[in-house]
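Remarks on the structure that follows.
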Amino acid sequence: MNAEILRFETEADLYPNLTLRLELEIKSILEKGRSPVLALPTGNTMIPFYRLARERPEALQVSTWKCFQLDEYFPLTAETEHLSFRSYLEEHFYSKLKTLPLLRESPNGLAPDANLECSRYERKLKDEGGIDLAILGIGVNGHIAFNEPGAPFDSRTRAIALHAETLRSNFKSGPAIPHAMTMGIGTLLEAKKIWIIAVSTTKREAVRKAMYEPPAVEVPASALQLHPSVTWFLDSGAHG
Ligand code: GLP
């Protein structure tokens, strides 16, 4: 395993460090004359990060970002749109900014044809020159974005069926949305850099398998072992 591992005693140490590193990373991408293309995650893990990020938009130069949401539920309707990841990013980040990022892209969960929408998304990402930095969380079952166990390592942006475990943890009450559109593992592995964040003991087993067991499709995050520039941000619960 040649990934960089940053282990923090508590979440209170992790998120400020993540934000500071992002500041430096954005600066270095801009110095190369490029607007940073970021793949952005959702999930509970990332809420404290967005809270910090929206307090420091100038330092992070958020107005220069080209943001691509990692994944989205499908199909969405007017009734379920509030559950969407687009709404999450709007609520936790975009709506709190005075100046918006250059680009805010998401797979459209309301689109009539998921396959067409996924091809559009993949093309748009290519048109912007690919991902400079993909920021990821990890599911209890080892998923990254919505690449569930069994997802091929060369998969591209596509529609998928969510696993029972994911439905249980993401829809605690009310009806679940059974499908999603997600950047593929192949799409993510083409990012120049990947940062992955995990906190709490609930993620410990997934993190252990992803980092220390041979890469296998049963643990989607283990594909990150095949990427030359991965940084894990872990608290003491997620990594013993
Ligand atoms: C979600 C997302 C992932 C996220 C993961 C973990 O449903 N599709 O991108 O990393 O599951 O979520 P949480 O941080 O809430 O544990």
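The values are calculated or read from the model by the stated rules, or taken from the named source; none is laboratory data. Because the structure is predicted, anything quoted here is derived from the model rather than measured. Please note: Cβ atoms are built from the backbone with ideal geometry, for glycine as well, and neighbour counts cover all protein chains shown.
A few notes on this one:
- Residue check: S222 meets all listed conditions (1) of a type outside the set (A, V, I, L, M); (2) more than 19 Å from L14 (Cα to Cα); (3) within 17 Å of the chain's Cα centre (by Cα); (4) within 12 Å of the ligand (Cβ to nearest atom) but one, namely (4).
- Scanning the stretch 39-65 for residues that are within 11 Å of the ligand (Cβ to nearest atom) and of a type in the set (S, T, N, Q) turns up T42, N44, T45.
- Where G109 falls short, out of the listed (1) touching a helix residue (DSSP H, G or I) at 6+ places or on another chain (Cβ under 6 Å); (2) in a loop (DSSP other than H, G, I, E, B); (3) surrounded by 23 or more Cβ atoms within 10 Å (Cβ to Cβ): (1)
Here is a yes/no grid of residues against (1) closer than 22 Å to I131 by Cβ; (2) under 20 Å from the mean Cα position of the chain (by Cα); (3) among the hydrophobic types (A, V, I, L, M, F, W, C):
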{"site": "L6", "(1), (2), (3)": "yes, yes, yes"}
{"site": "P16", "(1), (2), (3)": "no, yes, no"}
{"site": "K27", "(1), (2), (3)": "yes, no, no"}
{"site": "K32", "(1), (2), (3)": "yes, no, no"}
{"site": "T42", "(1), (2), (3)": "yes, yes, no"}
{"site": "T64", "(1), (2), (3)": "yes, yes, no"}
{"site": "L83", "(1), (2), (3)": "no, yes, yes"}
{"site": "L100", "(1), (2), (3)": "yes, yes, yes"}
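- Pick from the stretch 128-157, criterion more than 10 Å from the ligand (Cβ to nearest atom) and among the hydrophobic types (A, V, I, L, M, F, W, C), ranking: surrounded by the fewest Cβ atoms within 10 Å (Cβ to Cβ): F153
Conditions tested, residue by residue: (1) within 13 Å of the ligand (Cβ to nearest atom); (2) on the phi < 0 side of the Ramachandran plot; (3) surrounded by 23 or more Cβ atoms within 10 Å (Cβ to Cβ).
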residue	(1), (2), (3)
E105	no, yes, no
E117	no, yes, no
K126	no, yes, no
L167	yes, yes, no
T187	no, yes, yes
A198	yes, yes, yes
K203	yes, yes, yes
M211	no, yes, no
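- Figure legend. Inter-residue proximity from the stretch 156-169: first residues closer than 19 Å to G43 by Cβ, second residues more than 11 Å from the ligand (Cβ to nearest atom) and assigned to a helix (DSSP H, G or I), beta-carbon distance below 8 Å, spacing 6+ or different chains. Indicated pairs: T157/C118; T157/S119; T157/Y121; T157/E122; T157/L125; T157/T187.
- A residue that is of a type outside the set (S, T, N, Q), farther than 24 Å from S169 by Cα and modelled with pLDDT of 95 or more occurs somewhere in the stretch 89-96.
- For the stretch 35-53, the criterion of being exposed (fewer than 14 other Cβ atoms within 10 Å of the Cβ) and either outside any helix (DSSP H, G or I) or charged (D, E, K, R) (or both) is met by no residue.
- Flag if K32 is basic (K, R), exposed (fewer than 14 other Cβ atoms within 10 Å of the Cβ) and either at pLDDT 95 or above or within 16 Å of the ligand (Cβ to nearest atom) (or both): yes
- Taking (1) more than 14 Å from the ligand (Cβ to nearest atom); (2) part of a helix (DSSP H, G or I) in turn, E79 satisfies each apart from (2).
- Every residue from the stretch 158-203 that is touching a Lys or Arg at 6+ places or on another chain (Cβ under 9 Å) and of a type in the set (S, T, N, Q): T182, T187
- Being buried (at least 21 other Cβ atoms within 10 Å of the Cβ), closer than 21 Å to A198 by Cα and within 16 Å of the ligand (Cβ to nearest atom) holds for only one residue in F74, F93, and it is F93.
- Tabulated pairs, the stretch 131-144, first among the acidic types (D, E), second part of a strand (DSSP E or B) and more than 7 Å from the ligand (Cβ to nearest atom), C-beta under 6 angstrom, 6+ apart or interchain: D132/V37
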